[in-house]
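What follows is a single structure, written as structure tokens, with notes after it.
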Amino acid sequence: MNITKAWSTIVVSNGLRLMIPLWIAFSLAARAEDRPIYLDANEPREARVEDLLGRLTLEEKVALVHADSKFTTAAIPRLGIPRRWMSDGPHGVREDVGPDTWKPAGHTDDFATCMPCGIALAATWNPALAQEEGAAIGQEARKRGKQMMLAPGLNIQRTPLNGRTFEYLGEDPFLTSRMAVGYIRGVQSQGVASCAKHFAANNQEFDRMSINVEMDERTLREIYLPAFKAAVQEAGVLAVMGAYNKFRGQHCCENDYLLNRVLKGEWGFQGLVVSDWSGAHDTREAALNGLDLEMGTEKPYNEYYLADAYLEGLRQGIYPQAGLDDKVRRNLRMMFATHMFDAGPPGSANTREHQAVARRVAAEAMVLLKNDGNLLPLEIDRLKSVAVIGANAVALQAAGGESSGIKAFYEITPLQGILRQFGDHVNVTYSKGYGGTAGDDLAGQAVRAAQQADVAIVVVGLGHGLFRDTEGSDREDLKLPDGQNELIAQVRQANPKTVVVLVAGSPVEMPWLNDVPAVVQAWYSGMEGGNALAAVLLGDVNPSGKLPCTFPKRLADSPAQVFHAYPGVNGTEKYEEGLLVGYRYFDTRNVEPLFPFGYGLSYTRFDYSNFHVVKNMGSDDPPARVEFDVANVGDRQGAEVAQVYVHQVQPGLPRPFQELKGFSKVFLRPGEKQTVSIPLDAAAFSYYDPDKGGWLAEKGDFEIRVGSSSRDIRWTGKFTLDQTTLKKPMLSAQLTP
Ligand code: GLC
């Protein structure tokens, strides 16, 4: 064949075909042949990892396992490895700081869409929406050139005093798992790594850098690990962040049991373990106990434990090269997965879609706690005047909370949302009500405003200040500060049509609850929060949020307090409450909460009917599924979260009275009915038996409890497991030393 005259057809894209001279085709092919495997996006990821690993020098490998600035690891230009960027946080892409300080970098292109806080996302009970939120955040990370989002935060709420309660996903491991999987899949669908944090048992801010957490194995396996396990095994999370605290005497960032044995050995985690910032403490422990990337703060980067000291130890043969190679492989996997060597999606920011997701999450998160006399929704046509009261009606929240803070493109406050949507015919007044100086008569002004209005909307709650909803400190009580309780009582006295809106990320005590007709838990609802709140107050949105945590009547009723298991003694904290976290405690010990886990009202009503349990006879099917109908029997469209709890009648070991094992959120028009089918796999019946070293589903009787909340059970059905099964974790791989 005369190659100079022959022609070849190549398909360039979307089926477009080009005729090119064969010699060009060959030369292109030849060049492709010359291109290293690691640079060829068509090659399998593991092949690319091995190819690049083989090209790295010892020094270059070590450079990839520790920071070279606040949120980066070093570029290796010789091999075309760019600098790797990571960013906080769960509610959006954090503003740029550094490079070697926490101070803002002063950029003007680092605004972000601020989503509602983590506990608000959990209150939607909508994993698909969590995935949409994750995808939007992933797109904004791409736009900002970040390869990894340090999110989501998955730590279980064992005490409502935890300063980061607002940032996490509540008290239940099943709900936290479902929401985490959705969020992570969303972020990673955009070619951005997600990072499940903080692994593990980082359940308070008090003494967080050094507190040593002790707990029994069942509590660890059944309460504090499931969400991380789901992140790894269901969502394929590319990174896990070690926690600051110790666990059973060893820092979590260098914890052989948690990182080598459980995370990598049992769960088969192939991604990277990154330290929390300054969470590494010892070269030998970091080298051998599963840490793959050290990030931090206060010292020159070459002095990091996995920097010069590690390099020297490797040179002297103190640490195995194989261990370094394993760390590097885990980092390279994340780098290839996030298109660091090829184009990848361009990303986007502050789009209408992102704004719409922020608004939907905010709206679906709002929990209608009380609505006596159907005061809500407000009838706009009959409304002439509204007194909006409270500092939280105008407070900006997005930037607060420390690492989860966001430099938002904008933030619609509750007052702005009300002013925008209540229409010109409604006279809206505003008074701060609290938080002034001694001479101010803020409360008096507010009371007079309430007296003169048709309705008073009191927007109170917390904020991200010290000892409130923030990283770095815990709350000291569950009380509303700044005389808010007194203000609410006075406003209610002045106007019986008082609506309380709580802008907070954790439970508060409500001494005024019996006197106030309507209460809405609004959380920190992100940059679209004011619009969402106004829509809920007016009924344009029917609230569907359900509490992802128990609201206790008083702090003393909370299990961590009852068992005197917080904040720890002499640097050690024993989780004496064990499995009895949240509703597991309240329901087992029959303690009446202020509002129960899974609770939330609607402007319509839902009937449940036609319940039955279908037993799967096949060996590989889940043992059962529970089916029932949910009907909207009111006059407004709405959404209901139907919940399924399991109770074991005679367990071999003590179990909580009931445990959430399934839920489904159904959206129904007035009069519409939908059949819900929720599978119950073996895990739904199992508990962890530490003596047997595995998950035990015991033969015997169970109750399947279907309801609208953990305390509003509409049906209880019997189910019998015909045989006992034990599922033991298999060590997935011989761990590189
Ligand atoms: C903080 C937080 C962690 C965050 C990291 C980087 O201390 O504990 O959640 O991702 O440091 O800001």
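The values are calculated or read from the model by the stated rules, or taken from the named source; none is laboratory data. Please read all numbers here as calculations on a predicted model, not as lab measurements. Cβ sites come from the backbone with ideal geometry, for glycine too, and all protein chains shown count toward neighbours. Only protein heavy atoms, including side chains, enter the accessible area calculation; ligands, DNA and RNA are left aside. Shrake-Rupley method; radii C 1.70, N 1.55, O 1.52, S 1.80 Å.
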Lone unmet requirement of (1) within 16 Å of the ligand (Cβ to nearest atom); (2) farther than 14 Å from ASN155 by Cβ; (3) over 15 Å from the mean Cα position of the chain (by Cα) for GLY242: (2)
What number goes with the only condition from (1) within 24 Å of ARG475 (Cα to Cα); (2) open to solvent by 20 Å² or more (accessible area, probe 1.4 Å) that GLY249 does not pass? (1)
Looking at the structure I just gave you, is VAL633 loosely packed, with under 15 Cβ neighbours inside 10 Å and aliphatic (A, V, I, L, M)? yes
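More than 16 Å from the ligand (Cβ to nearest atom), crowded, with 24+ Cβ neighbours inside 10 Å and under 26 Å from ASP381 (Cα atoms): is that true of VAL447 in this structure?
Spelling it out, it is not the case that VAL447 is more than 16 Å from the ligand (Cβ to nearest atom), crowded, with 24+ Cβ neighbours inside 10 Å and under 26 Å from ASP381 (Cα atoms).
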Is it fair to say GLY145 is buried (at least 24 other Cβ atoms within 10 Å of the Cβ), part of a loop (DSSP other than H, G, I, E, B) and not polar (S, T, N, Q)? no
Any residue in segment 278-295 that is in contact with a helix residue (DSSP H, G or I) (Cβ under 7 Å, 6 or more places away or on another chain), without any contact (Cβ under 8 Å) to a residue 24 or more places away in the chain, more than 16 Å from the ligand (Cβ to nearest atom) and more than 23 Å from ARG218 (Cβ to Cβ)? no
Open to solvent by 30 Å² or more (accessible area, probe 1.4 Å) and among the aliphatic types (A, V, I, L, M) - does that describe any residue in segment 483-504? yes
Given (1) part of a loop (DSSP other than H, G, I, E, B); (2) more than 27 Å from LYS553 (Cα to Cα); (3) away from the ligand (no atom under 16 Å from the Cβ); (4) open to solvent by less than 10 Å² (accessible area, probe 1.4 Å), identify the lone condition not met by ALA151. (3)
Out of the residues in segment 561-586 that are open to solvent by 20 Å² or more (accessible area, probe 1.4 Å) and not in a loop (DSSP other than H, G, I, E, B), which is nearest to PHE467 (Cα to Cα)? GLN561
Residue satisfying all of: in segment 296-308; over 21 Å from CYS195 (Cα atoms) and either open to solvent by 20 Å² or more (accessible area, probe 1.4 Å) or at pLDDT below 95 (or both); nearest to the ligand (Cβ to nearest atom) among these: GLU298
Scanning segment 365-423 for residues that are within 16 Å of the ligand (Cβ to nearest atom), surrounded by fewer than 22 Cβ atoms within 10 Å (Cβ to Cβ) and of a type in the set (A, V, I, L, M, F, W, C) gives ALA399
Mind listing just one residue for me: the one in segment 78-102 that is in a loop (DSSP other than H, G, I, E, B) and open to solvent by 50 Å² or more (accessible area, probe 1.4 Å) and, of those, nearest to the ligand (Cβ to nearest atom)? TRP102
Is there a residue being of a type in the set (Phe, Trp, Tyr), touching a residue at least 40 places away in the same chain (Cβ under 8 Å), under 14 Å from ASN126 (Cβ atoms) and in contact with a Leu (Cβ under 9 Å, 6 or more places away or on another chain) anywhere in segment 170-178? no
Collect the residues in segment 135-148 that are within 16 Å of the ligand (Cβ to nearest atom) and not β-branched (Val, Ile, Thr), keeping them in residue-number order. ALA141, ARG144, LYS146, GLN147, MET148
